[in-house]
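First the structure, in the form of structure tokens, and then the observations on it.
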Amino acid sequence: MLSKLLLLISNTVMYSTPLAFGALGGLISEKSGVTNIGLEGMMTIGAATGVSAAYLSGSPWVGFLCAGIAGALMALLHAVASISFRADQSVSGIAINLLGAGASLFLVRIVFGSLNTPPVPKKLPRIFSDSSVLGAFSRLNFEVTAVIAFILMLVIWFIFAKTKWGLRISSVGEHPRVADSLGLNVYKIRYICVITSGFLAGLGGASMTLSILSNFVPTAISGHGFIALTAVIFGKWKPVGVYLSCLFFGLAQALVIQLGGGSLLSSQIVAMLPYVLTVIVLVVFVGRSVGPKASGVPYEK
Amino acid sequence: MDRVSKILRSQFTFAVIAIFIGFLVAALVLGATGYNPLEVYSILFKGMFSKPRYIMNIIIKASPIILTGISFAFALRVGLFNIGVEGQYIVGTIAAAVVGILFDFPSYIQFPLVLLAGTLAGGLYGAISGLLKAKRGIHEVITGIMFNWIAFYAGNYIVNLERFHEPGTTTTYQINASGLDPIYNWKMSEAGLEVIRNNEFIREVIGKTSANIGIIIAIIVALTIHFILKNTTIGYELRAVGMNKHASEAAGINVAKNTIQTFLIAGAIAGLSGALSITGVSHRLFELMAQENYGFNGLSVALMAGGSPIGCIFAGLLFAGLTYGGGTIQLEIGAPSEIIDILIGTIVFCMALVSLIPLIINKINQRGGKKDVK
């Protein structure tokens, strides 16, 4: 029983990590007033770049960093379109998803000659190099990426709750005109937030391919960006809430793995449950979710 | 000056520019990775147009995404982001397959019945999103994404039910022949076989393909939606809500009802698209490993069309043509066919910049104005 429970915890944390990176990224972008539907594309390019760079350099950390940069570059496109050109942010986001997926597969095909890559020489490490130091709790030797994601959540919480930076971002996302009149540079703050959001999403993609899997496959990121987007709304645009939402989706996935194919319920029904549950929770408990007021609205000086 | 700004203002002009930029960017990427873009494009176009059969295949591939494109475009006009179009499409395929297998009426009843089942299922499924949005304020993007996955697993569940599952396969049984596409049934009839044997052209474009009536229905739907939006009171109200929700509410338009209605119609169109895929192409429901993207591709089609239902016909054909032809560049010179995704992504990205047009026009007009002052 204990071992099953530990496995469940370990899987929950594992599956929630890529989502947490993506969702925290999405949160920062939305807080500043830019909807980021392109998370999926940014995570995909991170997943592909991470593996390619880790493979070519031999170091998973180089891969991890490059993944963040690739995500940030994708986000820069989104920022240029939605901030400077005041484009429809949803349309631009969808375009980013297409471009991200296309560029990822293109890159992987150029580097490896096929869409399923060989495994990277070294994966990102776990906390302890030897799980046995934890004794019976060896399952709780989490991936380092999970720890990074957790710390990231704390940092973002701190920024929004305790610093003037957080206040500035929120004000730009709520009342850009007022923020502008108070001397804040709305465009600059939004640019920084969107690019950061892409950087984090890229890390999320790489945490999937460099930590959970060990190679890139075209389905490595399939809907994770959209689930991350959901987690932002589900978590009511609060760092802790968003992180907990990701844990919830991770738990659901872990349950599917552990219960799947049982005689009690068909594995398809089990797989469906988290999504049904999300809707029910929203209808019954959460209700009207109100995001940053200016989210999705281009700002014109 | 007026003429120039009028041309620039038109969606069509902008789409053409966007497509041109798409090809340009893809050419640069190809060039940078060591392929000759001209060679790639000539193979691409050969793969699209060199045989009548290819053109028919493109039309067949275009039909479902034209419809999902219209579904998305329609909701967009009312200011709603119907990202759940994928799920509505899947639910359409499920309902069509279930009804097609369970019932066996004469084909003049069965075929419309199967299409109706898919349409209704998609419509009701979409309406749930509308209801939750209207009554509980839950964002349609969240319910849409959740419903996409629920539909996905529901489909796989149905495929694995004993009543429907064909042993030894990952699909359901074929739907009863009475529910299949009329063109397919004609092709398989004595008279049809006779014609196909004797006429080489018909053999090419109908005998060797899954030719079906999907494209005709897609065009009818595009024209109908265009008409509803332009010429009816309902359409006027819907567009008004899309432009300014609060003003419409103040003017006495029932926004909640409008939201539900919009999702009902958008879902119905997506469901119809799914049903047509069952009757026209697959004839059965498959267990899916990943989402097939008929809905998500509809998003791209609608955005390439600038949200116009009639534009979706052309955008759908372009999308289908590029992806169909893209397969051949991989086969013939080994250039990654994913270049097509980059191309299409660039087009959509450029369409996102559509708000630039008025800015450019103003710039031009300003310059013109200055000259007059001189």
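The values are calculated or read from the model by the stated rules, or taken from the named source; none is laboratory data. As the structure is a prediction and not an experimental result, all values here were calculated from the model. Ideal geometry is used to build each Cβ from the backbone, glycine not excepted, and the neighbour counts take in all protein chains shown.
Brief remarks on what is shown
- Candidate set from the range B:158-193 (those that are more than 23 Å from B:L113 (Cβ to Cβ) and within 14 Å of chain A (Cβ to nearest Cβ)); member that is nearest to the chain's Cα centre (by Cα): B:T170
- The listed residue being under 26 Å from B:F81 (Cβ atoms), more than 11 Å from every other protein chain (Cβ to nearest Cβ) and surrounded by fewer than 24 Cβ atoms within 10 Å (Cβ to Cβ), out of A:V276, A:V297, A:V283: A:V297
- Search result, residues across the range B:43-93 that are buried (at least 24 other Cβ atoms within 10 Å of the Cβ) and of a type in the set (S, T, N, Q): B:S63, B:T68, B:S71, B:N82, B:Q88, B:T93
- Every listed requirement among (1) under 28 Å from B:V301 (Cβ atoms); (2) part of a helix (DSSP H, G or I) is met by B:Q110 save one, (1).
- The set of residues in the range B:277-314 that are within 19 Å of B:Y173 (Cβ to Cβ) and in a helix (DSSP H, G or I) comprises B:S277, B:I278, B:T279, B:G280, B:V281, B:S282.
- Those helices (runs of 4 or more DSSP H) of the range A:170-275 in which at least 3 residues are among the hydrophobic types (A, V, I, L, M, F, W, C) and under 26 Å from A:E300 (Cα atoms), considering only elements entirely within it, cover A:186-207, A:224-234.
- So A:I94, is it at the interface with chain B (Cβ under 10 Å from one of its Cβ atoms), under 22 Å from B:M351 (Cβ atoms) and surrounded by 24 or more Cβ atoms within 10 Å (Cβ to Cβ): yes
- Within the range A:188-242, tally of residues that are aromatic (F, W, Y), touching an Asp or Glu at 6+ places or on another chain (Cβ under 7 Å) and either buried (at least 24 other Cβ atoms within 10 Å of the Cβ) or under 14 Å from A:T44 (Cβ atoms) (or both): 1
- Filtering the range B:243-254 for residues that are farther than 18 Å from B:A96 by Cβ, within 14 Å of chain A (Cβ to nearest Cβ) and either buried (at least 19 other Cβ atoms within 10 Å of the Cβ) or of a type in the set (D, E, K, R) (or both) leaves a non-empty set.
- Residue check, A:L7 surrounded by fewer than 24 Cβ atoms within 10 Å (Cβ to Cβ), more than 21 Å from B:S300 (Cβ to Cβ), at pLDDT below 95 and away from chain B (no Cβ under 14 Å): yes
- Restricting the range B:326-342 to residues that are among the acidic types (D, E) and in a helix (DSSP H, G or I), the residue that is modelled with the highest pLDDT: B:D341
- Within the range B:310-355, restricting attention to residues that are within 14 Å of chain A (Cβ to nearest Cβ) and hydroxyl-bearing (S, T, Y), the residue that is surrounded by the most Cβ atoms within 10 Å (Cβ to Cβ) is B:T346.
- Residue check, A:R109 within 14 Å of chain B (Cβ to nearest Cβ) and either closer than 30 Å to A:A294 by Cα or of a type in the set (A, V, I, L, M) (or both): no
- The lone exception for A:S132 - which of (1) assigned to a loop (DSSP other than H, G, I, E, B); (2) farther than 17 Å from A:Y299 by Cα; (3) of a type outside the set (A, V, I, L, M, F, W, C) it fails: (1)
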